[in-house]
Amino acid sequence: MFKSAAVLCLLVAACSAAPSTRVRTPRPLLDGRIVGGEPVDISQFPWQVSLQEFGSHSCGGSIISSTWVLTAGHCIVGYSADMLSVRTGSSIRNSGGTVYDVSSVIEHELHDSSTREYDFALLEISGSFSFDNNVQIRSKQVCGEPRQLGAVPAVTITGWGNCRSCSSATQLQAVTTHIVERSVCNEAYGGSITDSMICAGEEEGGKDSCQGDSGGPLVEGSTQYGVVSWGRICAEAGYPGVYSNVPAARSWITEKTGVWLGDSFEPCLSEDCT
């Protein structure tokens with residue numbers, strides 16, 4: 001079940017592992033979407049953005065304040081701000097909604113392209129986010145205590161990445177799957193899963209993020225736990241997807257953006273927010 005969110009809470013936790021076993025390349029292939037999911041409307045996931053390189057979709061991202069987007073570090077390697085833009089408020093990745101220029105790009109200083117540790121980047125936009133339904137992100141507020149990952153029953157991943165059997169490559173997709181225990185994920189990836197990563201997927205495979213989803217959010221409801229980072233092929237049995245663990249970058253995000261996260265953070269999409 002996918003919930004429309006008037007208030008967007010972004011907490012965080014995700015995982016990542018050894019690129020030597022990864023068939024997904026650091027530069028996402030632009031040929032499809034989420035594996036094992038279904039089409040959804042942007043109104044159900046209003047924080048989702050399409051990161052565009054020279055006007056074409058390349059990665060996902062999530063709105064964390066009125067001027068900042070969180071994405072994956074590997075999505076911006078080799079690109080300057082003037083090459084990038086973000087599209088918001090559209091279920092179609094290359095049309096509709098509003099396109100914002102990117103004014104600055106910050107890659108996490110500890111991002112390692114070979115191990116995928118700290119696979120984070122921040123994008124500051126020119127102007128301020130607004131939405132077709134006249135709702136604006138107006139403020140931020142603490143959203144409760146952080147939850148243990150083991151208490152999260154299911155998580156949802158959204159994006160426009162490879163879905164293998166899609167007849168169209170333009171509609172936003174979502175798939176619901178489950179957090180995988182770190183020990184299990186580490187066994188699959190030869191001990192490469194660090195504290196800056198978490199894993200999600202199904203034992204039998206079939207549900208996963210894929211090329212083109214990188215940088216997008218992994219959420220429970222409207223609470224974000226991860227950023228799509230890497231994995232072995234896509235949706236393969238025995239190899240969960242690996243996600244960057246946002247709590248591992250919480251102080252860094254606050255330092256670079258001024259967005260106060262506390263133990264969690266909640267960019268507000270409601271007129272009721274103060």
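Readers should treat all values here as calculations from the given coordinates under stated rules, not as data from a laboratory. Everything numeric here is computed off the predicted structure, so don't read it as measured data.
Quick one: Karplus J couplings for the stretch 66-73, per residue in order, coefficients 6.51, -1.76, 1.60, θ = phi - 60°, nearest Hz, x for Gly and Pro?
5, 9, 10, 10, 9, 8, 8, x
Search the structure for amide H atoms under 5 Å from the amide H of residue 236, placed 1.01 Å from N in the peptide plane, and list their residues when 5 or more places away or on another chain.
206
Subtract the Cα-Cα distance of residue 255 and residue 233 from 0.36 nm times their separation in residues, and report this length gain in nm to one decimal.
4.5 nm
Can you work out ³J(HN,Hα) from phi for every residue in the stretch 226-231, in order, using Karplus 6.51 cos²θ - 1.76 cosθ + 1.60 and θ = phi - 60°, giving whole Hz and x for Gly and Pro?
3J(HN,Hα) across the stretch 226-231, in whole Hz: x, 10, 4, 10, 7, x.
With θ taken as phi - 60° and the coefficients 6.51, -1.76 and 1.60, list the Karplus ³J(HN,Hα) couplings across the stretch 179-192 in order, rounded to whole Hz; mark glycine and proline as x.
Calculated HN-Hα couplings, in order: 5, 9, 4, 4, 4, 5, 5, 5, 5, 5, 10, x, x, 8 Hz.
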